[in-house]
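To start, the structure itself, in structure tokens.
The values are calculated or read from the model by the stated rules, or taken from the named source; none is laboratory data. Just so we're clear, the structure is a prediction, and the values are computed from it rather than from any experiment. Cβ placement follows ideal geometry from the backbone for every residue including glycine, while neighbour counts extend to all protein chains displayed.
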Amino acid sequence: MKRTMTSFAALAVAMLGTSALAQDPVELRMMWYSDGVEGEVMQDLLDRFEAENPDIDVVLDNVAYQVIQEQLPIQLASGQGPDIARVTNLKEQAVHWLDLRPHVADAAYWDENFGNRFDWMREDGSDAIPGFLTQLTMVGGFANKTLFDQAGVEMPGADGTWDDWVNAAEEVRQSQGTTAAFAIDRSGHRISGPNASFGANYIGEDGMPAPIDDGTMAFVEKLVNWTTEGKQLPDVWVSAAGTTYRSGADDFINAQIPFLYSGSWQVANLSTKIGDAFDWVAIGSPCGPAGCSGLAGGAALVGIKYTEHPEEVARVMDYLGSEPVVREFSERTLFLPAHAGIVETGGLNFQSDDPNVPPALDRFVQASGETLPLADKLPAWKWANAYYGALVSRVSQAMAGEITLDEARMLMDEDIADVVANAQ
């Protein structure tokens with residue numbers, strides 16, 4: 001009898017061991033959006049990670065950027081969300097990011113290679129490792145060189161003003177019959193570099209939001225007038241409500257506008273979708289009275305602190321943040337890397353046969369050295385998104401004729417004050 005019980009016990013232990021070995025891998029959800037081909041590249045990288053780490057299954061949930069901007073914050077506010085996410089609202093939502101410092105294999109590596117951007121995505125005074133920028137971005141413009149050539153219109157030079165570019169693009173529109181002269185992405189972030197170029201200041205001496213000033217309104221007034229005159233494609237801004245993002249990239253790709261103001265993340269998208277249909281160039285940012293500034297930024301891959309699997313999240317992040325993987329991701333997506341070691345050593349072999357791509361990337365690198373002080377402060381400023389949201393929603397209403405510019409200015413101040421009050 002005793003021998004039988006022992007046999008049963010041994011069998012039970014053996015079965016338990018077999019069950020443990022056969023246990024399903026830990027499933028992690030990664031919420032991801034794409035501007036171009038980066039979703040395909042990320043899936044390939046994750047497939048290789050899973051082959052080397054069969055105990056972790058990473059499900060890549062490809063969503064629209066609007067989901068990242070509007071639905072993810074609701075999930076986070078309720079203490080939920082994916083395990084990992086690609087986000088652009090870095091500072092305002094920093095309270096929700098997982099601190100990877102206790103979990104990554106080598107925190108010093110992260111500090112050395114990504115630390116110069118950590119303040120963009122963590123709470124003030126924190127030493128957390130929240131994640132890393134999947135790319136460094138720079139806001140700037142693109143011109144359809146073929147349309148300009150066909151119209152016989154010379155593109156403005158490096159010191160071309162906003163008026164110069166809009167007027168030149170309008171000449172192209174009238175000659176070539178395009179739908180409009182230009183479009184700026186429907187984004188408060190996108191117009192903040194131009195605002196700075198017209199003398200705007202968002203940040204008060206106490207670090208809190210300053211009232212909407214004359215510099216901001218100087219460019220906003222131009223933008224509203226260009227839209228009501230039909231020079232800016234109205235659908236980009238007027239067809240959406242609230243803070244909903246809309247890019248003019250598809251209109252540029254379809255040759256409906258000769259001038260697009262968007263950013264470096266569009267390079268792969270333009271190259272893939274335009275092909276050899278026409279030649280295009282990156283132009284940096286047109287100038288205002290105070291300078292010719294775009295705005296640096298980036299999308300970051302962050303861990304979400306509500307995950308039940310922080311150790312597994314850190315293993316995925318260690319892999320994706322490793323120098324060889326960051327280098328490959330950058331070369332295949334045509335993104336500017338935010339990895340200090342790669343930036344220092346250089347030698348990136350961007351994978352494109354498109355002759356438009358190398359000079360476009362070079363122009364964005366040059367533009368990163370042309371930003372104004374306000375633009376340099378915004379990525380790490382807590383209240384930047386409060387400003388961006390107020391700008392995009394109220395400027396759109398002014399474009400639609402629902403409110404006057406004076407009313408828009410007053411309502412933007414109220415919107416920003418409401419965000420600050422709610423946060424406090």
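So here's what we get for this one:
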| quantity | calculated |
| --- | --- |
| Lone qualifier among S262, S239 - being of a type in the set (S, T, Y), under 23 Å from the mean Cα position of the chain (by Cα), surrounded by fewer than 19 Cβ atoms within 10 Å (Cβ to Cβ) and closer than 26 Å to Q397 by Cα | S239 |
| Test: V281 is farther than 13 Å from L45 by Cα, more than 19 Å from the chain's Cα centre (by Cα) and not in a loop (DSSP other than H, G, I, E, B) | yes |
| Some residue of the stretch 48-63 being assigned to a loop (DSSP other than H, G, I, E, B), at pLDDT 95 or above and over 19 Å from H309 (Cα atoms) | yes |
| Residue within the stretch 387-394 that is among the polar types (S, T, N, Q), in a helix (DSSP H, G or I) and either modelled with pLDDT of 95 or more or in contact with a Phe, Trp or Tyr (Cβ under 7 Å, 6 or more places away or on another chain) (or both) present | yes |
| Total residues in the stretch 53-72, condition under 19 Å from the mean Cα position of the chain (by Cα) and crowded, with 16+ Cβ neighbours inside 10 Å | 6 |
| Subset of the stretch 101-125 [over 19 Å from A340 (Cα atoms) and modelled with pLDDT of 95 or more] | P102, H103 |
| The stretch 218-255, residues that are among the aliphatic types (A, V, I, L, M), assigned to a loop (DSSP other than H, G, I, E, B) and at pLDDT 95 or above | L233, A255 |
| Among the candidates P324, P355, residue that is part of a loop (DSSP other than H, G, I, E, B) and modelled with pLDDT of 95 or more | P355 |
| Count of residues meeting criterion [without any contact (Cβ under 8 Å) to a residue 40 or more places away in the chain and either of a type in the set (D, E) or part of a strand (DSSP E or B) (or both)] in the stretch 150-162 | 1 |
| Neighbours by Cβ (under 9 Å, 6+ apart or cross-chain): first from the stretch 340-354, outside the structural domain of G321 (by TED's automatic domain parsing); second at pLDDT below 90 and among the charged types (D, E, K, R) | none |
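The rows are residues; the columns are (1) buried (at least 19 other Cβ atoms within 10 Å of the Cβ); (2) on the phi > 0 side of the Ramachandran plot; (3) outside any strand (DSSP E or B).
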site: I74; (1), (2), (3): no, no, yes
site: G79; (1), (2), (3): no, yes, yes
site: P102; (1), (2), (3): no, no, yes
site: A108; (1), (2), (3): no, no, yes
site: G115; (1), (2), (3): no, no, yes
site: D119; (1), (2), (3): no, no, yes
site: F132; (1), (2), (3): yes, no, no
site: L136; (1), (2), (3): yes, no, no
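Listed here are the residues, each with its yes/no results for (1) surrounded by 18 or more Cβ atoms within 10 Å (Cβ to Cβ); (2) assigned to a helix (DSSP H, G or I); (3) outside the structural domain of D106 (by TED's automatic domain parsing); (4) under 21 Å from the mean Cα position of the chain (by Cα).
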site: E311; (1), (2), (3), (4): no, yes, no, no
site: A314; (1), (2), (3), (4): yes, yes, no, no
site: Y319; (1), (2), (3), (4): yes, yes, no, no
site: R332; (1), (2), (3), (4): yes, yes, no, yes
site: A360; (1), (2), (3), (4): yes, yes, yes, yes
site: V365; (1), (2), (3), (4): no, yes, yes, yes
